[in-house]
Structures are given as C-alpha cells and as structure tokens.
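Have a look at the structure below, then the notes.
Computed from the coordinates by the stated procedures, all read-outs in this text should not be read as laboratory data. Nothing here was measured: the structure is a model prediction, and the numbers come from that model. Cβ placement follows ideal geometry from the backbone for every residue including glycine, while neighbour counts extend to all protein chains displayed.
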Amino acid sequence: MAKKEKDIDVRFGKFGTISFTSTTKVNDFIDRLEQGKVSGTKCKGCGKIYFPPRADCYNCFGKYMEWFDVSGTGELVTYSRLEYAPVGFENDLPYSIALLDYGDYKVFGRLESGLSQDEIKVGMKMKAVVNELPNGHMNYVFKKA
Ligand SMILES: [Zn+2]
C-alpha cells in the first residue's frame, strides 16, 4: 500500500533560507529549534559528539543517539564573508559563515547580520541562537556573547 502524503515527515523543509531536503533521520532538530534549542547528538555507544546532528555513528556504527543542546559560548575560530552565494541564497548576500569552538565540539553556521567587520574578531566569544527567517523558516545564527 502506498504511503499517504500525511505520513511523510517533512519537518526539515522548514530549515534555513532554502532547504534542499525535507526528510532526514534527525528531523527532531526542527522541533528543538521551535523550542529555542540548537541541538546536536551524542552517541550512547562511544560518546562521540556530532554537530550537525547525526542519527548514525560512523565511529562505532551505533544507532543510539541522545540529543544535547548547544549552550554557553563558543570561540570564533574563523569566518568568511560571502559576496557570492549558492543557488537560493542570493538574496541573503552579503553574509558571513563561521565556525565556533565549544571545546568538545565545533558548530558551523552564520554570523548574525548587522555585525560590522570591525566588531568581528577571531577568538571572540559567541553563542548560537535560534533565528526566525522572513519566510517563516528557521535557522540559527551566532551572536556576540
Ligand atoms: Zn558511536
């Protein structure tokens, strides 16, 4: 019997400026964003931490994961200001992508818009926060801590 449309979990279609997939094995990530949480997963078998979240562990091949919330502050490792963007992101330009180091894991994402180049310093403390986009989708951005 064919699967009914309503049975398909398309939550991931709400992620980001444009989402190229609506279904993943970590669709609960979207529910957690709606609750104001930016989350990764931790393998119950070997303890490996994943961000972005994964449902399967490539380290021990385990499939039992638990969610954790990205909390506190991370240190800005690096960033890049984009003047060109992939298809679907052209209207967001310019924007900056960045990497925060939280110690046990790193988080890749965007800097909040509106930060001047003078305000951004490698090594500065930042925090990942949930952000609602004009199209009703959600993502997360890095703000100054
Ligand atoms: Zn594992």
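Each peptide in 81-92, 32-43, 133-144 gets a packing score, the mean of other Cβ atoms within 10 Å over its residues, and the list from highest to lowest is 32-43, 133-144, 81-92. A simple charge model with +1 on the Cβ of Lys and Arg, -1 on the Cβ of Asp and Glu and nothing else charged puts the dipole of region 43-145 at about 340 debye relative to its Cα centre. Taking amide H as placed 1.01 Å from N in the peptide plane, M65 has its amide H under 5 Å from the amide H of K44, each at least 5 places away in sequence or on another chain.
Distance check, please: which entries in K63/K144; K63/K143; K25/K106; K42/K127; K25/K127; K63/K125 exceed 31 angstrom between their Cα atoms? Pairs exceeding the cut-off: K63/K144; K63/K143; K63/K125.
Search the structure for amide H atoms under 5 Å from the amide H of S39, placed 1.01 Å from N in the peptide plane, and list their residues when 5 or more places away or on another chain. For S39, the qualifying residues are V70.
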